[in-house]
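Everything on this sheet refers to the single structure shown next.
The values are calculated or read from the model by the stated rules, or taken from the named source; none is laboratory data. Please read these numbers as outputs of a predicted model, since none were measured by experiment. Cβ placement follows ideal geometry from the backbone for every residue including glycine, while neighbour counts extend to all protein chains displayed. For accessibility, only protein heavy atoms count, side chains too; no ligands or nucleic acids. Shrake-Rupley method; radii C 1.70, N 1.55, O 1.52, S 1.80 Å.
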Amino acid sequence: MDTKNMAIGVFDSGLGGLSAVKELMNVLPCESIVYFGDTGRVPYGSRSRETIAKYAQQDVNFLLENNVKLIIAACGTVSSVATDLYTTVPVPYTGVVNPTAQAAAEATKNGRIGVIGTSATISSHSYKKKLQEINPEFEVFEQDCPLFVPLVENGFTDPEDIIVKSVVERYTAELKKKGVDTVILGCTHYPLLKDAIGKAMGEGVTLIDSGRATALYTAELLKEKGLECESKVEGKYRFFVSDTPHNFEKIAGMFLGRDVRSQVTQIDIEQY
Ligand code: DGL
């Protein structure tokens, strides 16, 4: 098959990368997507650098075997920690940190930016470093939110749910005091909690969704590399997971607003 018409590969530790998939479906509707969610090994964000790097390499190997033309690490943790991939992946590759930091830099008015992410992402200071590279005057306040990924993976996203509300309020309390006008959702799972986070932060605070920023950047990258697909019809979507598909199918169906049941396959990622 002509490279241009091959699919885009997207991976994450679980459901979070679907926030990038959803935006890719909007921004690049004719592109096909192969998604891998490592649901058998989620979460990544509380693991060591070595383990995250090993898992990410296996995820990339799986996608490459499925003939993808470009790979997106739709995972803040992998993008922040497994940085070797930026130079070793043999097809165009992007994480979420740079496009998302760029979008936040463009959105802020007062230069005070909050970053929320997994523990691994926050301790790498990846977003903070990128933001201060863009503008050294930015003041950046970071907060890790280790309970957010398990909440999302278990379908707890309703902003009125008492558990969701209290966890979100706990994690956002310090950031609220800092007077930030922009908050980076530095983990791709967090857009699924956007309503709850937005409510807790209050009006006037812009939430930057890494899925959206990365989808827009991917469109530019495809253009730059001459890899835009030639098809004019909707792309084909295939989803792979490393644990039983049931939960993934349910939450993915709700989040993407389409029935994906016949498109989800379980694989053994340890073979890659
Ligand atoms: N969606 C991943 C991220 O963006 C979640 C990581 C995890 O599994 O903890 O960081």
| request: State whether one or more residues within the range 44-56 are surrounded by fewer than 19 Cβ atoms within 10 Å (Cβ to Cβ) and either of a type in the set (A, V, I, L, M) or on the phi > 0 side of the Ramachandran plot (or both). | output: yes
| request: Could you tell me whether the range 120-139 includes any residue that is on the phi < 0 side of the Ramachandran plot, of a type in the set (A, V, I, L, M) and within 16 Å of the ligand (Cβ to nearest atom)? | output: yes
| field | Residue list for the range 3-45, restricted to those being hydroxyl-bearing (Ser, Thr, Tyr) and within 16 Å of the chain's Cα centre (by Cα) | value | Ser13, Ser19, Tyr35, Thr39, Tyr44
| remark: Of (1) farther than 27 Å from Ser231 by Cβ; (2) touching a residue at least 40 places away in the same chain (Cβ under 8 Å); (3) not β-branched (Val, Ile, Thr), Asp59 satisfies every one except (1)
| Considering only residues of the range 200-239 that are assigned to a strand (DSSP E or B) and away from the ligand (no atom under 16 Å from the Cβ), which is surrounded by the fewest Cβ atoms within 10 Å (Cβ to Cβ)? | Arg238
| request: Could you check Phe62 against (1) within 14 Å of the ligand (Cβ to nearest atom); (2) over 23 Å from Glu220 (Cβ atoms); (3) open to solvent by less than 10 Å² (accessible area, probe 1.4 Å) and say which number it fails? | output: (1)
| task | Pull up the range 203-228, narrow it to residues that are at pLDDT below 95 and more than 20 Å from the chain's Cα centre (by Cα), then point me to the one that is farthest from Ala104 (Cα to Cα). | result | Glu203
| query | Condition test on Ala200, is it modelled with pLDDT of 95 or more, touching a helix residue (DSSP H, G or I) at 6+ places or on another chain (Cβ under 8 Å) and over 30 Å from Val68 (Cα atoms)? | reply | yes
| remark: If you go through Thr94, Thr108, Thr157, the only one that is among the β-branched types (Val, Ile, Thr) and at pLDDT below 95 is Thr157
| query | Going by the structure shown, is Gln143 surrounded by fewer than 24 Cβ atoms within 10 Å (Cβ to Cβ) and more than 16 Å from the ligand (Cβ to nearest atom)? | reply | no
| request: May I ask you to list pairs of residues, at least six apart or on different chains, whose Cβ atoms are under 8 Å apart, with the first in the range 73-87 being farther than 16 Å from Phe62 by Cα and more than 14 Å from the ligand (Cβ to nearest atom) and the second being assigned to a helix (DSSP H, G or I) and open to solvent by 10 Å² or more (accessible area, probe 1.4 Å)? | output: Asp84/Ala53
| query | Got at least one residue in the range 90-109 being more than 14 Å from the ligand (Cβ to nearest atom), without any contact (Cβ under 8 Å) to a residue 40 or more places away in the chain, in contact with an Asp or Glu (Cβ under 7 Å, 6 or more places away or on another chain) and within 20 Å of Gln143 (Cα to Cα)? | reply | no
| the range 150-188: number of residues that are part of a loop (DSSP other than H, G, I, E, B) and either among the hydroxyl-bearing types (Ser, Thr, Tyr) or surrounded by 13 or more Cβ atoms within 10 Å (Cβ to Cβ) (or both) | 12
